[in-house]
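The values are calculated or read from the model by the stated rules, or taken from the named source; none is laboratory data. Note that this is a predicted model, so its numbers are computed, not measured. FYI the Cβ positions are ideal-geometry reconstructions off the backbone, even for glycines, and counts take in every protein chain you see.
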Amino acid sequence: MIKNKNKGIFIVISGPSGAGKGTICKELMKVSNNLWLSVSMTTREPRVGETNGVEYFFVSKEEFRKNIEDGNLLEYAVIHSGHYYGTPKASINKYLNEGIDVILEIDINGALQIKENNKEALFIFILPPSMKELKNRLITRGTESEDKIIERFKRGYQEINEITKYNYVVVNDDLDKAVDKVKAIIMAERCRVDRIEEVFLNSQEEVIHEELISNKSFYNQDIIID
Ligand code: ADP
Ligand code: 5GP
């Protein structure tokens, strides 16, 4: 009855550091087989347990700048402690054209660059339940020193001010509920009328339609479907 455009959804997820973006994206990847999570490039040091090519491509500043010059990045920004973060172009269009949804977990500056060139992209902002809880999460994660945590926390306030640039907001209080909400947003997005390419009647439906319009009594006629 309907044919959808075979194009994946370009999904951008942002929010203050420690809100739980990475945790939510990991959970989403476990429950969906139609999603691809883009791996960014960064000049920051890998955290304990992070692997090159999995969480990020960890590169030197020189290598990052070369990638900018060569036009390999879809967007990039200088974020915490002067470190570069950017989205490699490779593979994104391939996945979108195959009908696979692509997630970018990036900051507000990167999100605005994507918005400029991709009007149809979906922008989701993840909020912590409170700033106190955000602080707790940053401390409990244990991946940054105190001064770096303060820097991230301050930046978090600035990012929250930009929330109106996004389409949806999800508060990450209970993790399962937050993941369900993001899944529901993506599901709703897939049902949008502007993602439909064609509405048509298949041959059996055409027969029924012909029978109904040629019939004297619409209500008394039984429709026989084999
Ligand atoms: P971000 O990617 O936004 O910087 P993370 O996904 O690294 O944040 O999460 C920050 C910390 O908060 C991690 O230690 C993570 O385990 C924890 N966390 C994430 N979501 C929740 C939640 N709903 N409730 C409690 N802790 C959470
Ligand atoms: P972290 O150092 O905690 O992994 O990430 C710090 C910030 O960088 C987060 O806000 C995250 O969303 C952002 N980020 C990660 N990858 C990219 C990217 O490719 N581009 C941009 N603009 N921001 C990114």
Query raised in the report: Conditions: (1) over 30 Å from ASN6 (Cβ atoms); (2) under 13 Å from the mean Cα position of the chain (by Cα); (3) away from ligand 1 (no atom under 12 Å from the Cβ). ALA121 meets all but one. Number of the miss?
Result: (1)
Query raised in the report: Quick check: is even one residue across region 138-151 touching a Pro at 6+ places or on another chain (Cβ under 7 Å) and modelled with pLDDT of 95 or more?
Result: no
Requested in this report: Could you tell me which of the residues GLU27, GLU63, GLU50 is more than 13 Å from ligand 2 (Cβ to nearest atom) and in contact with a strand residue (DSSP E or B) (Cβ under 9 Å, 6 or more places away or on another chain)?
Outcome: GLU63
Query raised in the report: Among the candidates LYS119, LYS61, LYS154, which residue alone is modelled with pLDDT of 95 or more and basic (Lys, Arg)?
Result: LYS61
Query raised in the report: Considering region 5-28 alone, what residues qualify as being away from ligand 1 (no atom under 13 Å from the Cβ) and under 14 Å from the mean Cα position of the chain (by Cα)?
Result: GLY8, ILE9, PHE10, ILE11, VAL12
Query raised in the report: Name the strands (runs of 3 or more DSSP E) wholly within region 7-81 that hold at least 1 residues that are of a type in the set (Ser, Thr, Tyr)?
Result: 10-14, 40-42, 56-58, 73-78
Query raised in the report: Out of curiosity, is GLY53 at positive phi and within 12 Å of ligand 1 (Cβ to nearest atom)?
Result: no
Report task. Could you tell me whether any residue of region 69-91 is surrounded by 13 or more Cβ atoms within 10 Å (Cβ to Cβ), over 30 Å from GLU146 (Cα atoms) and of a type in the set (Val, Ile, Thr)? Result -> no
Query - GLY20 vs. criteria near ligand 2 (Cβ under 9 Å from one of its atoms) and buried (at least 21 other Cβ atoms within 10 Å of the Cβ) - result: no
